[in-house]
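Below: one structure, written as structure tokens.
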Amino acid sequence: MPTNKEIAFAAVMNDKAGGRLSTYPIACGVNRKLVNGGITYRDWAHDPKLYAQAFIEGQKKFSYDFAIGLMDLSVMAGDLGAGVRMDEQNTPFVDKPIVNSVEDYEKLKVPDIKKGRSSVILEGTRIFSQALNDQVVTAGFIEGPLLVLTQAAGAERVFMDMFTNPSAVHTALKTMTAFDTEMVKGFGKTGCVGLVWDYLWANYSCLGDKEYEEFEGKYCRPLNKLTGTEGMAFAIHSCADLPHLDTQIFDFKPAIYSMAYYPLIPDSPSASEAIAKGYADNCLLAGQIDPQLFIRGSVEKITQVTKDLCQEVKTALCKKGLGPRYCIASGCEVPPDVHTKMENIAAVVETTKKFGKIDW
Ligand SMILES: [Zn+2]
């Protein structure tokens with residue numbers, strides 16, 4: 001049974017989109033260029049008011065259908081104690097993992113979520129949700145347990161230790177799950193409508209079904225459920241090349257599933273394939289514009305790509321007898337780079353609003 005929030009969420013989604021495909025280039029950090037004439041990534045990522053203001057200004061300028069509070073994937077790792085390289089203008093990343101021996105997995109502790117960038121995200125999400133809830137579907141963004149661990153400990157090490165020291169990895173995953181539990185409860189108090197989970201490792205390029213279940217699936221299920229009981233619609237973002245769609249859509253049952261597409265990788269699912277296989281039957285799929293086009297593509301190019309994607313998606317949805325159950329989005333975050341072309345973001349939104357309409 002969907003929660004009341006999920007029903008409200010679905011209604012808002014259809015109302016706002018007014019019978020057309022919805023749209024949300026996952027433009028988050030890049031919106032900081034609209035705050036006070038442009039602020040640095042560093043300032044944006046450390047001040048909840050500036051963090052929120054970027055989403056508010058982005059909404060004013062681009063009229064998205066969603067506002068999703070993604071910062072970057074070093075937030076939780078940094079608060080666990082990993083060293084984060086934070087340049088003025090680029091996406092920060094972990095440069096000093098916190099796990100340097102098998103024993104270190106057991107030493108990980110859930111940090112105080114009222115401190116660090118976890119608190120910036122929670123407070124920032126509260127501010128922009130209050131400001132935007134009557135205009136768009138707002139959501140927080142959170143990393144799944146295995147993603148937090150690979151970010152904090154280093155992916156290569158974790159993937160090796162899964163086979164050589166699985167019990168140490170499981171000890172750490174329990175701690176990550178406890179950290180996520182605190183964060184979900186924190187997001188539940190912000191007033192955001194949904195919560196988007198990043199379950200990056202549900203990817204057949206990295207893990208099979210059995211390994212995924214052992215090292216993340218079983219930790220996810222209670223967190224997915226908690227998302228609903230804390231009053232938020234449950235959503236997933238995955239930019240995996242070969243995502244575990246059966247597990248993540250048919251089994252986890254998110255309200256929204258945001259995905260990427262890698263045309264050069266055989267079996268990477270395109271939008272029309274995912275719709276044809278039934279993944280949009282009970283879920284709003286979102287994707288799959290190449291994020292690099294926002295830096296490298298011309299307005300003409302990205303407009304054409306958006307138009308083609310609208311056509312592809314509308315045809316696939318019609319064949320299945322489905323309504324506008326697709327959000328024209330980027331496959332992953334629009335690069336928060338100083339060279340990202342803001343006019344390309346506008347082009348995706350405007351093109352979807354123009355060509356995403358259909359008589360259903
Ligand atoms: Zn992504």
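The values are calculated or read from the model by the stated rules, or taken from the named source; none is laboratory data. Fair warning: this is a prediction, and the values are worked out from it, not measured in the lab. We place every Cβ from the backbone using ideal geometry, glycine too, and count neighbours over all the protein chains shown.
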* To do: Among the residues of region 179-210, write down those that are under 18 Å from V158 (Cα atoms), within 16 Å of the ligand (Cβ to nearest atom) and of a type in the set (A, V, I, L, M, F, W, C).
  => L200, W201, A202, C206
* How about region 70-114: which of its residues are among the polar types (S, T, N, Q) and within 30 Å of Y24 (Cα to Cα)? -> S74, Q89, N90, T91
* **Candidates K185, K253, K174 - the one that is in contact with a Cys (Cβ under 9 Å, 6 or more places away or on another chain) and surrounded by fewer than 21 Cβ atoms within 10 Å (Cβ to Cβ)** => K253
* Asked: Quick one: which helices (runs of 4 or more DSSP H) sit completely within region 81-166 and have at least 2 residues that are among the polar types (S, T, N, Q)?
  -> 116-132, 145-153
* Asked: Hey, T171 hits all of (1) modelled with pLDDT of 95 or more; (2) within 22 Å of the chain's Cα centre (by Cα) but one; which does it fall short on?
  -> (2)
* To do: Go through region 325-343 residue by residue and tally those that are in a loop (DSSP other than H, G, I, E, B), within 18 Å of F66 (Cβ to Cβ) and touching a residue at least 60 places away in the same chain (Cβ under 8 Å).
  => 5
* Structure fact -> Within region 281-306, the count of residues that are over 16 Å from G356 (Cα atoms), more than 17 Å from the chain's Cα centre (by Cα) and buried (at least 18 other Cβ atoms within 10 Å of the Cβ) comes to 3
* Asked: How many of the residues making up region 266-288 are in contact with a Ser or Thr (Cβ under 8 Å, 6 or more places away or on another chain) and over 15 Å from C318 (Cα atoms)?
  -> 3
* To do: Select from region 329-344 the residues that are buried (at least 23 other Cβ atoms within 10 Å of the Cβ) and away from the ligand (no atom under 16 Å from the Cβ) and list them in ascending order.
  => N344
* Structure fact -> Note on T352: of the conditions (1) under 17 Å from F62 (Cβ atoms); (2) surrounded by 22 or more Cβ atoms within 10 Å (Cβ to Cβ); (3) within 16 Å of the ligand (Cβ to nearest atom), unmet is (3)
